[in-house]
C-alpha cells in the first residue's frame, strides 16, 4: 500500500507539473522570451527551441501527461481496492475523494500557478521539459504520436508544424508586449494598419481622375491663382490635349505657379512620376520617396490616359488616420 501511495503521489505531482508547464509555455510573454534569449539565457533558449516545433512540444506534453495519468490511475485503484472491495464504496471514494484531489492538484491549481508565475516558473522548468522530450523521443513514443498526428493532418489538408502567417505572429508578439507593459496599444494599432496597407494596391488608395483638380498647360495667371486659392492644394497636375487625348505634362507647385507668372506651366512643372494601379502601396511610397515626389500619376504606363493620382497623404492616412490639415 505504501508503494502504491508513493507512486500515486509522484504521478499526481508529475501530472500537475506537466499541466502547469503546458499553460506556462502558452502564456509566456514572447517579447520577454526573445529578450532573455538575446541575453544568452540558457532557459530561454531551450524554450524558444521547443517552441520552434509546436507539434513536437505538444506531443511531448500529451504523452507525458497520459503516462502520468495512467500511473496515477493504477496507483489510486490499488489503494482504493485495499481500503474496500465493495463496488459502491469504491465508486464513492473515487467520486468524493480521488477525483477532486486529482482535478485540484493535478490540473486546476498547477495551471493557475504557472499562469500567474509563468515568467519565473516556466523558465525554471525548461530543463525538465528538455529532458522529458529527449527521453520520450528516445523511447519512440513522441515520434509515433507525431507520425499519427501528421498523418491525420495530411489527410485533413493541414501541414505539420505549420507556422502562423508572419503578420499574425508579429501582431501576437506585440500583444504580448502590451501585456508585459513593454509597448503601448497604439503601437499594435499602427502595426496592424501597416500590415493592412501592405496588402493594398495603388488602385485602392488613389483619388479617381474624375475628382482630380488640374491646371491646363496654357492657364493664365488669374486662373492659376484662382484655382489654387479655391482648392487649397499645394500641387496640381498640369494637363493638355495631344492628338485628341488627355496627357499629363507634369506636376506644378502652388508657389512656382503663382510667384512666377511669366513662366509657362510646362517649364515649371516637374516631370510626372507614373505608377501603375496594380502596384502595391508600399512600393509606390518607396518610389515616390526615391524620386522625392509627393504626388504620382496613376496610369497603366507612360503615355497612357491618367486613371487618378496618389499622394503621400493617401499613403500616410491609413496608418496615422485622417490628416485634414496636410
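Checking the stated criteria, residue 289 turns out to be touching a helix residue (DSSP H, G or I) at 6+ places or on another chain (Cβ under 9 Å) and surrounded by fewer than 17 Cβ atoms within 10 Å (Cβ to Cβ).
Within the stretch 14-41, take every residue that is free of Cβ contacts under 8 Å to residues at least 12 places away in the same chain and part of a helix (DSSP H, G or I) and give me the one that is nearest to the chain's Cα centre (by Cα). Taking the candidates together, the pick is 26.
Could you please let me know if residue 309 is surrounded by 17 or more Cβ atoms within 10 Å (Cβ to Cβ) and touching a residue at least 60 places away in the same chain (Cβ under 8 Å)?
On the way: surrounded by 17 or more Cβ atoms within 10 Å (Cβ to Cβ): yes; touching a residue at least 60 places away in the same chain (Cβ under 8 Å): yes.
Considered against the rule, which asks whether it is surrounded by 17 or more Cβ atoms within 10 Å (Cβ to Cβ) and touching a residue at least 60 places away in the same chain (Cβ under 8 Å), residue 309 comes out as yes.
Of all the numbered requirements in (1) assigned to a loop (DSSP other than H, G, I, E, B); (2) buried (at least 16 other Cβ atoms within 10 Å of the Cβ); (3) modelled with pLDDT of 65 or more, residue 137 misses one, and that requirement is (1). Kindly list, by first and then second residue, each pair from a residue in the stretch 253-264 that is in the same structural domain as residue 226 (by TED's automatic domain parsing) to a residue that is assigned to a loop (DSSP other than H, G, I, E, B) and surrounded by 12 or more Cβ atoms within 10 Å (Cβ to Cβ), limited to pairs with Cβ atoms under 8 Å and residues at least 6 apart or on different chains. Cβ pairs passing all conditions: 253/234; 254/233; 254/234; 264/217.
Okay, residues lined up against (1) more than 17 Å from residue 15 (Cα to Cα); (2) at pLDDT 90 or above:
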position	(1), (2)
95	yes, no
99	no, no
104	no, no
119	yes, no
123	yes, yes
126	no, yes
129	no, yes
156	yes, no
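Residue-level check: of (1) loosely packed, with under 15 Cβ neighbours inside 10 Å; (2) under 19 Å from residue 213 (Cβ atoms); (3) at pLDDT 85 or above, residue 263 misses just (2).
Could you say whether any residue in the stretch 246-254 is at pLDDT 90 or above and more than 29 Å from residue 278 (Cβ to Cβ)? For the stretch 246-254, residues at pLDDT 90 or above and more than 29 Å from residue 278 (Cβ to Cβ): present.
Quick grid of which residues meet (1) in contact with a helix residue (DSSP H, G or I) (Cβ under 7 Å, 6 or more places away or on another chain); (2) within 22 Å of residue 312 (Cβ to Cβ); (3) buried (at least 16 other Cβ atoms within 10 Å of the Cβ):
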{"residue": "194", "(1), (2), (3)": "yes, yes, no"}
{"residue": "213", "(1), (2), (3)": "yes, yes, no"}
{"residue": "217", "(1), (2), (3)": "yes, no, yes"}
{"residue": "231", "(1), (2), (3)": "no, yes, no"}
{"residue": "251", "(1), (2), (3)": "no, yes, yes"}
{"residue": "257", "(1), (2), (3)": "yes, yes, yes"}
{"residue": "269", "(1), (2), (3)": "no, yes, yes"}
{"residue": "293", "(1), (2), (3)": "no, yes, yes"}
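Listed residues 126, 131, 78; which is out of contact with any helix residue (DSSP H, G or I) (no Cβ under 8 Å at 6 or more places or on another chain) and in the same structural domain as residue 151 (by TED's automatic domain parsing)? Step through it out loud before you land on a result.
Numbers: 126 fails: out of contact with any helix residue (DSSP H, G or I) (no Cβ under 8 Å at 6 or more places or on another chain); 78 fails: out of contact with any helix residue (DSSP H, G or I) (no Cβ under 8 Å at 6 or more places or on another chain).
None of the other options fit; the residue is 131.
The values are calculated or read from the model by the stated rules, or taken from the named source; none is laboratory data. Note that the coordinates shown come from a computational prediction; the quantities given were computed from them, not determined experimentally. Cβ coordinates were reconstructed from backbone atoms using ideal geometry, including for glycine residues, and neighbour counts include every protein chain displayed.
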